[in-house]
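All remarks here apply to the structure that follows.
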Amino acid sequence: MNQPAIRNSKEALEPSAERRLKELGIKLPIAPQPFGTYAEAVQTGNPLFLSGMLPTEGHEAIFIGRVGAELELDSGRKAAHLAALNGLAVAREHLGSLDRITRVVRLGVSIATSGDFRGQPKVADGASDLLQAVFGSEKNPTRLIYGVASLPLGTPVELELIFEVTGQKATEVGGVLVTKRRSV
C-alpha cells in the first residue's frame, strides 16, 4: 500500500505567506513608488526596513483626513489595512517572495487624529490583523502607535515596518526577478 510521503522539513510545518495570501483571496497592489528622494525599502543584513507606507493607490491618497474628525474609526482601519497591503507589495518587490520573511519585527503606526480621539489601537489593528493573517500569530511584531496632527498627503495613517528576512536576494534582470544566493 502506497503511503504519501511525510515531509519533515521546517518548510512543510510552517504555512507559506504567499500561500496564505492566495487562500485569503488577497491580491497585492502594485508597489508604491517614492513620493520624494528616498528608497521604499533598504535591506542591511537580515533586517528589511520599509519607508513610511501610506494608504495610496498609484500616486494618489485614497483616504484623506484625521480619524475622529473628518474620518470615522472604520475608515482609519481601512486606511491602515491599505497601507499594510502597500508594505507587503514593497517587501515582495524587494525580496521576490514574502516567504523570505522570517519575522515581522516592528510595526509603527502614526495616526492623524483629532485631539480627543482615543481609538488609535483599533485603527492600528487594521494593519496588525492583516499581518497576522498573512504571517501567523507566532510572527506578530512589537507595535508602537503615535497620535499625530498631520501626515504626508493628508492621509490618516502611515506605517513603519521592519522585517527579518532570510534566504536569497532577488534582483531584476531584463524585467524578470532572478534570485541568487547571498553570501552570509
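Throughout, read-outs are computed from the coordinates displayed, never taken from laboratory work. What you see is a predicted model; the values in this text were computed from it and never measured. Please note: Cβ atoms are built from the backbone with ideal geometry, for glycine as well, and neighbour counts cover all protein chains shown.
Distance between the 7 Å Cα→Cβ label points at Thr44 and His59: 2.9 nm.
The stretch between Ser97 and Glu23 holds 25.1 nm of extra length on full extension. This uses 0.36 nm per residue minus the Cα-Cα distance. Panel order for Phe117, Phe163, by other beta carbons found within 10 Å of each beta carbon, from fewest to most: Phe117, Phe163. With 0.36 nm allotted per residue and the present C-alpha distance subtracted, the Glu70-Ser114 stretch has 15.0 nm of extension available. Listed by Cβ neighbour count within 10 Å, with the fewest neighbours leading, Tyr38, Tyr146 appear as Tyr38, Tyr146. Principal axis extents of the C-alpha atoms in segment 66-118 (largest first, rounded to whole Å): 41, 17, 14. Note on Arg106 and Thr37: the extension gain reaches 22.5 nm, defined as 0.36 nm multiplied by sequence separation minus the Cα-Cα distance.
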